[in-house]
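Please treat every number below as a calculation from the coordinates, not as lab data. From a predicted model like this one, the values you see are computed outputs, not experimental measurements. No Cβ is skipped: glycine too gets one built from the backbone with ideal geometry, and neighbour counts run over all protein chains shown.
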Amino acid sequence: MADAVLHLEKLRKSFGALVVTDELTFDVMPRELHAVIGPNGAGKTTLINQISGLVAPDAGTILFAGRDITALPTHARAELGLARSFQVSSILPGFSALENVALAVQSRAGSSFRVLGRAAAEAALNGPAMAALADVGLAERAHIPAGELAHGEKRALELAIALAMQPKLLLLDEPMAGTGREETARLVEVLRRLKGRFSVVLVEHDMTAVFALADRISVLIYGRILASGTPAGVRADPRVVAAYLGDEME
Amino acid sequence: MAAASLAASPARPRGGLRVLPAGIFLAFALIPIVALFTGGTYLVSLGSRVMIFAIAAVALDLLVGYGALISFGHAAFIGLGAYAVGILSVYGITDALVSLPVALAVSAAYALLTGVICLRTSGVYFIMITLAFGQMAFFTASSLAPFGGDDGLTIAARNTLAGFPLLRDERAFYYVVLFCLLGTYVFCRALVGSRFGRVVRGAKENPVRMATIGFDVYRFQLATYVIAGALAGLSGFLLANATEFVSPAYMSWQRSGELIVMVLLGGLGSLDGAIIGAAAYLLTEEWLSGFTEHWKVIFGPVLVLVVLFARGGLIGLASALVRRFARG
């Protein structure tokens, strides 16, 4: 597994008596889209939070691009090329959509200790930001304050922010949460187009989206991987059907 | 695509008041000329005092208005700048070329030392710990017996500037203060719109998002805290020269509270508001205290009304009026 972009080794996390990540070993290969599915409370978001550094694991290691990042703070992981979206949109509501994305470009560009020059007018930041917005179909809405965007647009903006970071690995925590059928189809289309530019961990409840996009699927239940394999293999696995897919596919 | 259409939304949230800064500084520039006709230097001294506190208020607005860092110890930095002037003058060092850099360095250093600790906390804890460090400076100054202790320290004469007694003329001093305020304002205006300022403003809106896109928010907030501390030190340097006196009272928590009131009264996060708030506060104080020493009994309810009915402070009120006027 030396080539994996992300490798989790015996990761463990409990909140009090509740074990939410239980000796979890998991990896993501270059350019792979690895979906994580499972019922509510399986520990999917906690897993994403541990990878992005918002929650510290109790034990185990996280290797990213061959480097142990278990003790690194969130911002340092982002600098290494780890981007994420949030299940509940986490944007800067008072900033325009463009500025939300331009900040991500600025972060990658470094030199944010510049105190002169109007950042909002810098073409070097706004150009790539516009491109990321265009990638998710938000170019027309670039100047709207992010807080005033519709729900589906906020989901797309989350994705644009992550894209603008030109990540090695993108963690998507339920990017389709709360979006309508059309919006979901549009986001799936966007992800399908972008797939292969970088590795993705996709946590999602929408099984149509998951089976349309994933190269590999892992089923997480009570903090453990119940099964892992190709979409066809997972779909046929009787344990998965009994524990999770049985309800979801109806 | 043209650069104009690529430009993101402006850093300044309020429209309709674009000419306001020019108006403010023009008014300040004209006060000494008006004073020529009224005679005496009362207006000029009062104007200097307003601008000196406006410098500290603009610096505080960087923290409170743009960074959501509610510092309750801002007066300590004014006091440190003032004491730098006072203590140096005791040792015969009375030139601004020495005392001004020392004042800036001392207040910036105290901001750095305390900011490293304060910024580990947030919300109400940040308020309390900045208050604690402010009080620490206050009690230290009170116990400095060789430099007047509780009673404060009288400065023999205003600083010279490269040997010239420029600051001793009330009008010349006034224009030096005006120049400092203008410099502070232009610097802070550039700062909040810059890459740096955008990170600070972003951290106010959503620090978790800022971390996940790769910003170590703490470093930016610490730098802002040091800048705000140094600018307050500049204000203290000028205050000591204006009053020819330094006292622990400059650092008291009441004074820190007054600075917060100035920024709130004028309107948070606009810089213009901080200047207007400082002027409004000090002029109201000057006017009402002519009637009664219990002037705060009158001022308190006024402040409550402003906070309740004019959320954006005086500047918010003004821009709402301008909008209504333009429409009607």
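Brief remarks on what is shown
- Distance between the pseudo-spin-label points of residue B:307 and residue B:145 (7 Å out from Cα toward the beta carbon): 4.1 nm.
- Per residue of A:70-78, other chain Cβ atoms within 10 Å of the residue Cβ number 4 on average.
- For chain B, the 222 nm mean residue ellipticity estimated from helices alone, with every DSSP H stretch of n ≥ 4 adding -39500 (n - 2.57) and the total spread over all residues, rounds to -23500 deg cm²/dmol.
- Estimated from the Cβ-Cβ distance and a Förster radius of 25 angstrom, the FRET efficiency linking residue A:111 and residue B:208 is about 0.60.
- The aspartates and glutamates whose alpha-carbon is closer than 19 Å to the alpha-carbon of residue A:168, local same-chain residues fewer than 8 away aside, are A:3, A:27, A:32, A:68, A:79, A:135, A:158, A:215.
- Linear extension gain, residue A:14 paired with residue A:58, 0.36 nm per residue minus alpha-carbon span: 15.1 nm
- Candidates A:212, A:42, A:146, ranked by Gaussian network fluctuation over chain A, Cα under 10 Å, top entry: A:212
- Computed from Cα atoms, the angle from the helix A:123-135 axis to the main principal axis of chain A rounds to 40 degrees.
- Euclidean distance between Cα centres, the range A:56-129 to the range B:156-232, Å: 26
- In this structure, the amide hydrogen of residue A:59, modeled 1.01 Å from its nitrogen in the peptide plane, lies closer than 5 angstrom to those of A:12, counting only residues at least 5 positions away or on a different chain.
- Couplings 3J(HN,Hα) for the range B:131-139, derived from phi with the Karplus relation 6.51 cos²θ - 1.76 cosθ + 1.60 (θ = phi - 60°), are 4, 4, 5, x, 5, 4, 5, 4, 6 Hz, where x marks Gly and Pro.
- Under 5 Å, built H, 5+ apart or other chain: amide partners of residue B:95: B:160
- Straight-line reach from residue B:204: taking Cα to Cα under 24 Å and skipping same-chain neighbours fewer than 8 places apart, the lysines in range are A:154.
- Stretch gain in nm, segment residue A:29-residue A:123, where the contour uses 0.36 nm per residue and the Cα spacing is subtracted: 30.4 nm
- Cα centroid separation, the range B:69-132 to the range A:190-230 (Å): 54
- Residue B:38 versus residue A:211: modelled label distance in nm, points set 7 Å from Cα along the beta carbon direction: 8.2
- Gaussian network model of chain A, springs between alpha carbon atoms under 10 Å - residue of A:233, A:53, A:38 with greatest fluctuation: A:233
- Figure legend: label point modelled 7 angstrom from the Cα of residue B:26 along Cα→Cβ; no residues of the range B:277-293 have amide N under 14 Å from it.
- Value at 222 nm in deg cm²/dmol, rounded to 500, when DSSP H runs of n ≥ 4 in chain A each add -39,500 (n - 2.57): -9500 deg cm²/dmol
- Taking every alpha-carbon pair under 8 Å whose residues sit at least 6 apart, the range B:41-252 reaches a relative contact order of 44 percent.
- Couplings 3J(HN,Hα) for the range B:36-52, derived from phi with the Karplus relation 6.51 cos²θ - 1.76 cosθ + 1.60 (θ = phi - 60°), are 4, 7, 7, x, x, 10, 4, 4, 5, 5, 4, x, 4, 4, 4, 5, 4 Hz, where x marks Gly and Pro.
- Rounded to whole Hz, the Karplus (6.51, -1.76, 1.60) HN-Hα couplings of the range B:207-221, x for glycine and proline: x, 5, 4, 4, 5, 6, 9, x, 9, 7, 3, 3, 5, 5, 5
- In the elastic network of chain A, a GNM with C-alpha springs shorter than 10 Å, the most mobile of A:223, A:81, A:16 is A:16.
- Scanning residues 5 or more positions from residue B:245 or on other chains, those with amide H under 5 Å from its amide H are B:155, with H placed 1.01 Å from N in the peptide plane.
- FRET E, pair residue B:113, residue B:93, Förster distance 22 Å, beta-carbon r, rounded to 0.05: 0.40
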